[in-house]
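Worksheet: the structure to be examined is printed underneath.
Read the figures in this text as sums done on the coordinates, not as results from a lab. Note that this is a predicted model, so its numbers are computed, not measured. Here Cβ is always computed from backbone atoms with ideal geometry, including for glycine, and neighbour counts include all displayed protein chains.
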C-alpha cells in the first residue's frame, strides 16, 4: 500500500510553488537585481532557477524516461539552465514563468502511477546511494525549491520584508492568545 502517491506529490509541490510565487510577488521589482553576496544569484535569477528546475525531472523522467543517469550530460543540461537564469525578465514575466512551469510539472506528476513512482533510476558510478526511486527524485524537486525559498525568505528579511509565512503564523498565534484571554 502506498499512502503517499503522485497526487500527494503534486499537491505538496503546488503548495510550495504557491508560497514561492507569494514571495516573488512581495519582493519589489526594484529589488530583483539584489544579490546578497557577489557569488550568489540575484533575486530574479534565483526565482528563474526555481521556476526552471522542474525541467530536470521532466527531461529525465517524462521525455527520456531514463532508468539510468549514466550517460546523461548533466553539465550541458545545467549550462542551458544557467543561460535561462541569466536572461533579462521583468517581475511579471518571472511570476508568470513560476506559474506556468509549476503548473506543467504538477499536472504531469498528477498523471503518474504508483508503479512508475516505484521504478528505480541508477545514478552515476560513485554516487551514494547507487539508485533512487522516481518517487524520491520527484520529491527532491520540491525539497530543492524549499531550500531556495528559505534563501529568498532570508533575502526578504534583509530587504525589510517580514515573510508571509511568518506573518500568517504571527496572526494565528495572536488569535489563539486573544481567544485564550477572552475565555
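Reducing segment 105-173 and segment 23-60 to their Cα centroids gives an inter-centroid distance of 15 Å. Ranked by how many other Cβ atoms sit within 10 Å of their own Cβ, fewest first, the residues 157, 149 fall in the order 157, 149.
Please give the contour-minus-distance gain from residue 178 to residue 29: 0.36 nm per residue of separation, less the Cα-Cα distance, rounded to one decimal in nm. Net length gain for the segment: 50.0 nm. The length gained on full extension between residue 67 and residue 165, counted as 0.36 nm times the residue separation minus their Cα-Cα distance, comes to 31.5 nm. Counting neighbouring beta carbons within 10 Å and listing from fewest to most, the residues 100, 133 come out as 100, 133.
Over all distinct Cα-Cα pairs of segment 1-91, the Kirkwood formula returns a hydrodynamic radius of 15.4 Å.
Neighbour counting of Cβ atoms within 10 Å sorts the residues 120, 78, fewest neighbours leading, into 78, 120. Looking at the square roots a ≥ b ≥ c of the eigenvalues of the Cα gyration tensor of segment 69-130, which shape do they give, rounded for a/c under 1.5, prolate if a/b is larger than b/c, or oblate? Cα axes put segment 69-130 in the oblate bin. A straight chain from residue 148 to residue 99 at 0.36 nm per residue would run longer than the Cα-Cα distance by 16.0 nm. Classified by the C-alpha gyration tensor, the chain has an oblate form. Its axis ratio a/c, with a ≥ b ≥ c, is 1.5 or above, and a/b does not exceed b/c. Taking every C-alpha pair closer than 8 Å and separated by at least 6 residues, the mean separation divided by the residue count of the chain gives a relative contact order of 32 percent.
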